[in-house]
Amino acid sequence: MRQKLNLITLGVTDFKKSVDFYEKGLRWKRSAAGTDDLALFPLGGITLALYPRHELAADANVEDIQTGFSGITLSYNAKSENEVNEVLAEVEKIGGTIIKQAQKVFWGGYSGYFKDPDGHLIEVAHNPFWELDDNDNLKL
């Protein structure tokens, strides 16, 4: 198997509300390649998809049971500590819930967490040990 992920799909309970959060709130550009129940947001080498949670569970042949922490977070890598603060302030203005205020963290960076309308955790972090290229992709 190639070492590559192309798509991350989040199961959402209120499709319109979630699409509005990402499209209107975060101002992410939605791809025209989506459908009435699939929103696609190209993120530079990977795509974030939003799809109704119950339909995604049915497709995977599992029960749609929500529990606490899902064991996954998504991360937005900021170019500075100031950008971390700015992003979290903007997220709060559009109705995102700040879970952890931005702060210096044990690994030497600076980060905070918010959750989207469905409770998916997104970290906003500045890692001074990682460089971003001209397209904002991680250079590891």
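The values are calculated or read from the model by the stated rules, or taken from the named source; none is laboratory data. Not measured: the values here are computed from a predicted model. Counting neighbours? That spans all protein chains shown, and the Cβs are built from the backbone with ideal geometry, glycine included. What goes into the accessible areas is simple: the full protein's heavy atoms, side chains included, and nothing from ligands, DNA or RNA. Shrake-Rupley method; radii C 1.70, N 1.55, O 1.52, S 1.80 Å.
Within the same chain, lysines fewer than 8 places from residue 100 are excluded, and of the rest, those with a Cα less than 16 Å from its Cα are 115. For the range 24-93, GluC sites (Glu not before Pro) meeting the loop criterion (DSSP other than H, G, I, E, B) and having at most 12 other Cβ atoms within 10 Å: 63.
Taking all protein chains together and a 1.4 Å probe, the residues 14, 116, 20 rank 14, 20, 116 from largest to smallest accessible area.
Percent of Cα pairs in the range 1-86 per distance bin of 5 Å, from zero to the largest separation: 3, 11, 19, 23, 20, 15, 6, 2, 0.
Over the range 10-89, Cα pairs under 8 Å with separation of 6+ residues give a relative contact order of 26 percent. Note on residue 72 and residue 107: the extension gain reaches 10.8 nm, defined as 0.36 nm multiplied by sequence separation minus the Cα-Cα distance. The longest part of the chain holding none of the exposed loop trypsin sites (Lys or Arg not before Pro), meaning those outside H, G, I, E and B in DSSP with at most 12 other Cβ atoms within 10 Å, is 80-140. Amide H to amide H, with H built 1.01 Å from N, residue 64 comes under 5 Å of no residue 5 or more places away or on another chain. For the range 75-89, putting each phi into the Karplus relation 6.51 cos²θ - 1.76 cosθ + 1.60 with θ = phi - 60° gives couplings of 10, 9, 8, 8, 8, 7, 5, 4, 5, 4, 4, 5, 5, 5, 5 Hz, in residue order, rounded to whole numbers and with x for Gly and Pro. Using a probe of 1.4 angstrom and keeping all protein chains present, the accessible surface of the range 1-125 works out to 64 square angstrom per residue.
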